[in-house]
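> Mind having a look at this structure? Questions to follow.
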């Protein structure tokens, strides 16, 4: 689906790693044929973006996720130069920033060039795990930038409250637009290939997740929950797809808990629909989230979901209806709910059906693109 309207959309995101913010940004660029994407080098989705966008993909060589004032200044200059060039050749340029670093530099560049800009918060960049001083700097930076931001898009209702509680922007600046990716490929898809590849017996319950191995996703909680489950249900097997800095430590923890043969660490995979469909139960141990795409993907595959009661997870998972919510940092409670669903196949099947039935229309790609189009149109006139 392509849309050509009376504006030129410029998406800016820090790096094309595999994640919900990056995937939805690419969907917006695919939708608008008159759009550009400014990003840093690399990331798991970079080659895909290059293939689909061609010359509409523009690299800011010094745009990195890590904070480095020297490189950040260079990246700001690069973004200003790119926007200046686009402004010279295209009409009604509108800037849409995504992620924290791109949100800061992109909005500063747009402000200096007097371009309309809006920002999508895929989960606020301040969180409880950060040092208080760092949190303070981020919050005050967001307050300042909000003054120059025409619209603040959030992917969850809770993020409006968080922003306003921190005095970031005004209520009328905020709008909830659910950031989603295409979900159709997750239904009517067989998980038999994955089970065969991993030599999992057909009657063994399989529990799994898809996540980056980093502190936010709490992969150790996944491993500890698995250990608790295996004690009571030795037939249970676990799958987790993803990579990151905590992958090897998570493997080591599984070894220490004597369940290394019960957890299949798959690394990065391109066949995520097959991975999710190989599961009986999906779990997500994140300590904070925006709107977790993997939960929507699991629900489209009719899988019951057990997740921590944080941010966007609470707006997708309805406790006792399509899954369960537990307090963050409590792997033993996740294990209890897993065992409950292992022992009650009819309940998990019913929860899976309810999850799939609750996706549309609120969590549809068409709805997201329509609402984003309206924002661009409003800023163009």
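> From the list 168, 177, which residue is within 20 Å of the chain's Cα centre (by Cα) and surrounded by 20 or more Cβ atoms within 10 Å (Cβ to Cβ)? Working first, answer last.
Values: 168 fails: within 20 Å of the chain's Cα centre (by Cα).
Being within 20 Å of the chain's Cα centre (by Cα) and surrounded by 20 or more Cβ atoms within 10 Å (Cβ to Cβ) holds for just one of 168, 177, which is 177.
> Okay, next question. If we keep just the residues of segment 62-99 that are out of contact with any strand residue (DSSP E or B) (no Cβ under 8 Å at 6 or more places or on another chain) and touching a residue at least 40 places away in the same chain (Cβ under 8 Å), which is surrounded by the most Cβ atoms within 10 Å (Cβ to Cβ)? Full working, then the answer.
Initial filter on segment 62-99 (out of contact with any strand residue (DSSP E or B) (no Cβ under 8 Å at 6 or more places or on another chain)): 62, 64-78, 80-81, 84-85, 88-89.
Filter once more, so that each one left must be touching a residue at least 40 places away in the same chain (Cβ under 8 Å): 64-65.
Values: 64: 18, 65: 13.
Looking at the filtered set, the residue picked out is 64.
> Working only within segment 227-253, note down all residues that are within 24 Å of residue 129 (Cα to Cα) and part of a helix (DSSP H, G or I).
Hits for segment 227-253 are 247, 248, 249, 250, 251, 252, 253.
> Residue 295: in contact with a helix residue (DSSP H, G or I) (Cβ under 6 Å, 6 or more places away or on another chain), assigned to a helix (DSSP H, G or I), closer than 30 Å to residue 130 by Cα and without any contact (Cβ under 8 Å) to a residue 60 or more places away in the chain, yes or no?
Details: in contact with a helix residue (DSSP H, G or I) (Cβ under 6 Å, 6 or more places away or on another chain): yes; assigned to a helix (DSSP H, G or I): yes; closer than 30 Å to residue 130 by Cα: yes; without any contact (Cβ under 8 Å) to a residue 60 or more places away in the chain: yes.
The answer is yes for residue 295.
> May I ask you to say which residue of 8, 24 is surrounded by 15 or more Cβ atoms within 10 Å (Cβ to Cβ) and under 21 Å from residue 111 (Cα atoms)?
Details: 24 fails: under 21 Å from residue 111 (Cα atoms).
The conditions single out 8.
> Right, next: In the list 279, 266, 257, which residue meets the criterion of being crowded, with 16+ Cβ neighbours inside 10 Å and farther than 27 Å from residue 356 by Cα? Step through it out loud before you land on a result.
Working: 279 fails: farther than 27 Å from residue 356 by Cα; 266 fails: farther than 27 Å from residue 356 by Cα.
Just one listed residue meets the conditions, 257.
> Looking at segment 128-164, which of its residues are more than 24 Å from residue 215 (Cβ to Cβ), assigned to a loop (DSSP other than H, G, I, E, B) and touching a strand residue (DSSP E or B) at 6+ places or on another chain (Cβ under 9 Å)?
148, 149, 150
> Could you please find all residues in segment 12-21 being surrounded by fewer than 24 Cβ atoms within 10 Å (Cβ to Cβ) and either assigned by TED's automatic domain parsing to the domain that holds residue 213 or in a loop (DSSP other than H, G, I, E, B) (or both)?
Answer for segment 12-21, where residues must be surrounded by fewer than 24 Cβ atoms within 10 Å (Cβ to Cβ) and either assigned by TED's automatic domain parsing to the domain that holds residue 213 or in a loop (DSSP other than H, G, I, E, B) (or both): 15, 17, 18, 19.
> Moving on to the next point. Quick check on this structure: which one of 245, 273 is surrounded by fewer than 15 Cβ atoms within 10 Å (Cβ to Cβ) and over 30 Å from residue 148 (Cα atoms)?
Values: 273 fails: surrounded by fewer than 15 Cβ atoms within 10 Å (Cβ to Cβ).
Unique residue meeting the criteria: 245.
> Right, here's the next one. Under the condition of being in contact (Cβ under 8 Å) with a residue 40 or more places away in the chain, in contact with a strand residue (DSSP E or B) (Cβ under 9 Å, 6 or more places away or on another chain) and surrounded by fewer than 21 Cβ atoms within 10 Å (Cβ to Cβ), which residue from segment 27-42 is nearest to residue 368 (Cα to Cα)?
31
> Inspect segment 162-183 for any residue being over 30 Å from residue 271 (Cβ atoms) and either in contact (Cβ under 8 Å) with a residue 60 or more places away in the chain or in the same structural domain as residue 341 (by TED's automatic domain parsing) (or both) and give the result as yes or no.
Initial filter on segment 162-183 (over 30 Å from residue 271 (Cβ atoms)): 162-176.
Those left that are additionally either in contact (Cβ under 8 Å) with a residue 60 or more places away in the chain or in the same structural domain as residue 341 (by TED's automatic domain parsing) (or both): 175.
Yes, the conditions are met somewhere in segment 162-183.
> Now for a separate question. Spot the failing condition for residue 196; the list is (1) in contact with a helix residue (DSSP H, G or I) (Cβ under 9 Å, 6 or more places away or on another chain); (2) modelled with pLDDT of 95 or more; (3) outside the structural domain of residue 66 (by TED's automatic domain parsing), and only one is missed.
Failing condition for residue 196: (1).
> Which of the helices (runs of 4 or more DSSP H) contained wholly in segment 311-377 include at least 1 residues that are farther than 20 Å from residue 217 by Cα and in the same structural domain as residue 221 (by TED's automatic domain parsing)? Walk me through how you get there before you give the answer.
Details: elements: 313-316, 331-342, 345-357.
The qualifying helices (runs of 4 or more DSSP H) are 331-342, 345-357.
The values are calculated or read from the model by the stated rules, or taken from the named source; none is laboratory data. Here the structure is a predicted model, which means the values were calculated and not measured. Don't worry about glycine lacking a Cβ; one is built from the backbone with ideal geometry, like all the others, and counts go over all protein chains shown.
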